[in-house]
Amino acid sequence: MAASLPHVLLVSTGGTITMTEGAGAGIVPTLTGEDLVRAVPDLARIADFDVVSYSTKPGASLTLDDLVAIAELIDSRVGEGFAGAIVVQGTDTIEETAFVLDTLIVSERPVVVTGAMRGARAPGADGPANLLAAGIVAGAAQFAGLGTLVVLNDEVHAARFVRKAHTSLPSAFTSPGFAPIGRVIEGQAQCLARLRRLPALARPAFTADGPVALLQPFLGDDGRILEALPGLGYRGAVIEAMGAGHLPETFCEKINRLASVMPVVLATRVAAGPTFERTYAFAGSETDLIARGVIPAGDLAGNKAALLLRLLIACGAEGEDLRIRFTARTKMFSAA
Ligand code: ASP
């Protein structure tokens with residue numbers, strides 16, 4: 001007798017994978033989750049799908065409140081006997097969505113985010129293959145306990161490391177400085193590495209009133225924008241600094257003032273490698289900026305650091321408590 005198929009919850013939000021020609025020129029999200037599953041008959045061989053068509057939005061228009069709602073949906077439904085869940089969405093924000101879901105979802109079942117680089121009717125559309133690979137990983141017990149995963153191009157990436165590294169290629173998703181933690185080969189999921197999972201953060205009820213600015217200074221920048229942030233209503237800032245966490249000397253006094261009124265996180269604009277904490281000592285170096293009050297982001301990319309900061313602010317964290325809680329989520333590779 002054939003073994004019964006795993007049950008997988010599929011939540012569709014939109015993105016290129018759902019896009020077809022609209023009334024004008026260009027593609028727009030039109031397909032529902034049900035349409036996507038119907039279009040890939042091979043999915044019926046690997047799992048039974050329960051589909052929720054949450055939205056038909058491009059990835060750029062998803063909000064943090066959408067992600068809190070999707071995390072809640074998945075946590076409340078997966079206990080119903082699902083082996084895992086898939087979230088289908090626009091690739092433009094997959095790295096952010098996956099990171100937020102990874103931060104908020106309590107369930108140990110695999111949660112897989114996927115999408116497509118080519119529209120649903122484009123020659124060589126990658127959506128069907130990505131959906132199939134995502135279904136295989138979501139139904140595979142070996143991927144339980146690894147948090148949220150991103151599956152495209154038959155590779156499995158950890159949410160905290162994955163980046164969109166190309167605007168158009170089906171191989172756009174990478175884990176710079178790391179590697180995929182799994183793959184799908186000949187229809188089988190293979191787990192290649194296991195990462196320690198961090199405990200889930202409490203889901204905030206409302207996230208819209210904790211705006212965080214994300215800035216990327218460049219050579220010759222004088223940092224005057226920092227002075228405007230408090231007046232604009234920002235509650236926190238993330239600075240994607242140069243190299244291992246360095247800023248022009250002209251920023252130093254402004255950093256002192258900003259860090260005295262809101263949390264300021266120091267990330268790096270470099271694609272791979274963490275911010276440093278104990279190497280350089282010039283004005284504007286990482287040790288100088290830390291002494292002025294910034295919180296190093298470690299390996300977290302600026303956009304993920306900004307989302308973590310927003311979530312912590314929305315949970316009511318501030319001051320030293322916020323610093324401790326933020327830092328605890330950046331210390332996966334600490335030697336201590
Ligand atoms: N280019 C995007 C995608 O691949 C569009 C979006 O994020 O909705 O899905």
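Rule-based calculations on the coordinates, nothing more; no lab input. Quick caveat, the model's predicted, so the values are computed rather than measured. Counting neighbours? That spans all protein chains shown, and the Cβs are built from the backbone with ideal geometry, glycine included.
Some notes on this structure:
- Among Cys315, Val264, Leu232 - extreme Cα towards positive end, dipole of segment 217-336, charges at beta-carbon: Cys315
- For Val112, residues with placed amide H under 5 Å, excluding near neighbours: Ala85, Ile86, Val87, Leu149
- Using only alpha carbons, segment 50-194 has a radius of gyration to Kirkwood radius ratio (Rg to Rh) of 0.92.
- Using the Karplus relation 6.51 cos²θ - 1.76 cosθ + 1.60 with θ = phi - 60°, the per-residue 3J(HN,Hα) values for segment 88-94 come to 9, 7, x, 5, 4, 10, 4 Hz, with x marking Gly and Pro.
- Think of it as helices only: each DSSP H run of n ≥ 4 in the chain is worth -39500 (n - 2.57), and spread over all residues that comes to -7500 deg cm²/dmol at 222 nm.
- Qualifying aspartates and glutamates (Cα of each under 14 Å from Cα of Lys331; at least 8 residues distant if same chain): Glu277, Asp299
- C-alpha center-to-center spacing [segment 201-234, segment 136-191] in angstrom: 31 Å
- Taking amide H atoms as placed 1.01 Å from N in the peptide plane, the amide H of His7 lies under 5 Å from those of Asp48, Ala83, each 5 or more residues away in sequence or on another chain.
- Directionally averaged shadow of the chain, computed from the convex hull of its alpha-carbon atoms, nm²: 18.3 nm²
- Leading residue at positive end of dipole, the chain (Cβ point charges), from His7, Val28, Ile105: Ile105
- The chain: most fluctuating residue of Thr275, Thr16, Thr207 per GNM, C-alpha cutoff 10 Å: Thr207
- Segment 94-192: trypsin sites (Lys or Arg not before Pro) falling in loop per DSSP and having at most 15 other Cβ within 10 Å: Arg121
- Segment 36-108 versus segment 297-328: alpha-carbon centroid distance in Å: 24 Å
- Rounded to the nearest 20, the size of the Cβ-charge dipole of the chain about its Cα centre is 420 debye, with Lys and Arg at +1 and Asp and Glu at -1.
- Interchain or long-range residues, amide H under 5 Å from Thr174's placed H: Arg163, Ala165
- Fewest-first ranking of His7, His246, His166, using other Cβ atoms within 10 Å as the exposure measure: His166, His7, His246
- Order of Phe282, Phe161 - criterion: other Cβ atoms within 10 Å of each residue's Cβ, fewest first: Phe282, Phe161
- Eligible lysines near Lys57 by straight Cα distance, threshold 19 Å, same-chain separation 8 or greater: Lys164
- By the beta-carbon count within 10 Å of each Cβ, the least crowded to most crowded order of Thr93, Thr279, fewest first, is Thr279, Thr93.
- Each of Leu214, Ala305, Pro248 was placed along the dipole of segment 195-336 (beta-carbon charges, centred on the mean Cα), and the one lying farthest toward the positive end is Ala305.
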